[in-house]
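Here's the structure, in C-alpha cells; my notes come after.
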Amino acid sequence: MALRVPPLHLYTTRGEFAALLLFPYLYSRDGDWVGWVTEERDVFNLESAYVGWVSHDRRILRRSTVQPRVVPFPPPAPDETHVRVPATTPLPPLMAEYSHDVVDVLEEMPEMLHPIDSSELKSDMD
C-alpha cells in the first residue's frame, strides 16, 4: 500500500501562495503540472532542467550560480496534468532569511516552471 503524502502548499518570500506539491508532482497555483521534486527536495521542470530546492519554509530556492548536476530519472507523468487547487490555503510559515546569492524562484524566476503546453522548446502550432 502506497503512503499518501498530504499536499504541500508552497509560497513566495512575500507569503503569496504560488504552487502545490503533490509529491512528487509540482503544480502551479492554476493547477497546471509544472515540474517534479526528488526525495532530496530538488526541483526540476518538465524539461528535466534543475530549478532549485524546496526549503523547509516552503519556498523554491536556488543559488544564483548553479553547479552542473546529474538529473535523476523523472517520474512517470501524472494521471492528471491539471488538478483542482484548494480555494483556501493555510497561512504561510515565517520565512527565514538567506544570503544574497539565494533566489526565490517562484517570486523572481517563475518562468522556469511553466506548463507542458507553453514550453520555449515546443514548436509553434500553425
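Points worth noting:
- Of the residues in region 88-95, none is farther than 18 Å from residue 20 by Cα and surrounded by 15 or more Cβ atoms within 10 Å (Cβ to Cβ).
- Among the residues of region 54-87, those that are of a type outside the set (A, V, I, L, M), surrounded by 14 or more Cβ atoms within 10 Å (Cβ to Cβ), out of contact with any Gly (no Cβ under 8 Å at 6 or more places or on another chain) and closer than 22 Å to residue 108 by Cβ comprise 55, 57, 58, 59.
- Those strands (runs of 3 or more DSSP E) of region 1-102 in which 3 or more residues are in contact with a Cys (Cβ under 8 Å, 6 or more places away or on another chain), touching a residue at least 12 places away in the same chain (Cβ under 8 Å) and closer than 20 Å to residue 115 by Cβ are absent.
- Residues (surrounded by 12 or more Cβ atoms within 10 Å (Cβ to Cβ) and in a helix (DSSP H, G or I)) located in region 109-119: 110, 112, 116
The numbers here are math on the coordinates, done by the rules we state, and not lab data. In this text the structure is predicted, and so the values were computed from the model without any measurement. Glycine gets a Cβ as well: all are built from the backbone with ideal geometry, and neighbour counts include every protein chain shown.
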